[in-house]
Amino acid sequence: MMSDTPKAGAAGKIVSSAHLADGGAPSLSEFEYGLYISDNAFERWIVRCMSGAGYPDFSPLEVMVVHTVNHRARDKRLADICFVLNVEDTHLVNYALKKLVKAGLVEAEKRGKETVYRTTDQGAEACARYRTVRELCLVESVKALGNFDEAEIAAVARFLRTLSGLYDQAARAATSL
């Protein structure tokens, strides 16, 4: 019988797959487990934050897409949105955009052969309300810990972006095996 319970790997580390921790980089397996549970928690958070802002029926991708479209109040193409979010399947983002257009948060405009997207006033307001909920429920809690360091958080963000490139490169290598 297989268990979904994380196992203690090398040196008592918490890992999701002991068979991966027994390899050449046990701490990488622990890190990947952390990414996995953090991703699930983050996706649950953004959905509930959007719900708290008054928009309860959106998936994590739809929430990320509306914020990406709203970013800097510039028109975005489907390819740009996919690129920024590092989403390979354009159909998923296209579906999200259609749902956001139908909800009145995003509008589409045909320009030649391409379509560009922008947030509507309602979409910009939804993003602003999301920010308010985020400040109240997350930022205040993080700051209450007393050890919130902007520079450290920025360094972790840079590390994660760099790591995403390594995982992309490894994914390309794996497809050629």
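The values are calculated or read from the model by the stated rules, or taken from the named source; none is laboratory data. Worth saying up front: this structure is predicted, and the values here are computed from it rather than measured. Quick reminder, even Gly has a Cβ in these numbers, built from the backbone with ideal geometry, and neighbours come from all protein chains shown. Quick note on the areas: whole protein, heavy atoms, side chains included, nothing else; ligands and nucleic acids left out. Shrake-Rupley method; radii C 1.70, N 1.55, O 1.52, S 1.80 Å.
Given Cβ point charges of +1 (Lys, Arg) and -1 (Asp, Glu) and nothing else, what value in debye, to the nearest 20, does the dipole of the range 74-139 about its Cα centre take?
Working: 13 positive and 10 negative charges, 24 e Å.
Magnitude of the dipole: close to 120 debye.
Compute the accessible area per residue over the range 68-144, keeping the other protein chains in place, probe 1.4 Å, unit Å². Walk me through the intermediate numbers first.
Details: 5170 Å² over 77 residues.
Per-residue value: 67 Å².
Can you pick out the pairs among 99/143; 76/98; 76/143; 76/99 whose Cα atoms lie more than 26 Å from each other? Each step should come with its number before you reach the end.
Values: 99/143 35 Å; 76/98 14 Å; 76/143 33 Å; 76/99 16 Å.
From the list (99/143; 76/98; 76/143; 76/99), the Cα-Cα distance tops 26 Å for 99/143; 76/143.
Stretched out fully, how many nm does the piece from residue 151 to residue 131 gain, at 0.36 nm a residue minus the Cα gap? Please report the intermediate quantities before stating the final value.
Details: separation 20, 0.36 × 20 = 7.20 nm, distance 2.09 nm.
Roughly 5.1 nm would be gained on extension.
Using a 1.4 Å probe over the heavy atoms of the protein chains, calculate the carbon and sulfur portion of the accessible area of the chain as a whole percent. Please report the intermediate quantities before stating the final value.
Values: 6910 of 12130 Å².
Looking at the chain in its full context, I get 57 percent from C and S.
Any chance you could give the angle, 0 to 90 degrees and rounded to 10, that helix 121-134 forms with the longest Cα principal axis of the chain?
30 degrees
Return the whole-Å distance between the Cα centroid of the range 16-45 and the Cα centroid of the range 77-121.
So the two Cα centres are separated by 31 Å.
Once the Cα gyration tensor of the chain is diagonalised, what are the square roots of 5 times its eigenvalues, in whole Å and ordered largest first, as equivalent ellipsoid semi-axes? Intermediate results must be reported in sequence, preceding the final value.
Numbers: eigenvalues 225, 101, 47 Å².
In descending order, the three semi-axes are 34, 22, 15 Å.
Which order do 127, 137 take when ranked by solvent-accessible area (1.4 Å probe, heavy atoms of all protein chains), largest first? Mind showing how you got there, number by number?
Details: 127 10, 137 70 Å².
My answer, sorted largest first, is 137, 127.
Apply the Karplus parameterisation 6.51 cos²θ - 1.76 cosθ + 1.60, with θ equal to phi minus 60°, to every residue of the range 96-106 and state each ³J(HN,Hα) to the nearest whole Hz, in sequence, with x for glycine and proline.
Here the 3J(HN,Hα) series is 4, 4, 4, 5, 5, 5, 4, 7, x, 8, 10 Hz.
What's the magnitude of the charge dipole for the chain around its Cα centre, counting Lys and Arg as +1 and Asp and Glu as -1 at the beta-carbon? Answer in Debye, nearest 20. The partial results should precede the final answer.
Details: 22 positive and 23 negative charges, 108 e Å.
With Lys and Arg at +1 and Asp and Glu at -1, about 520 debye.
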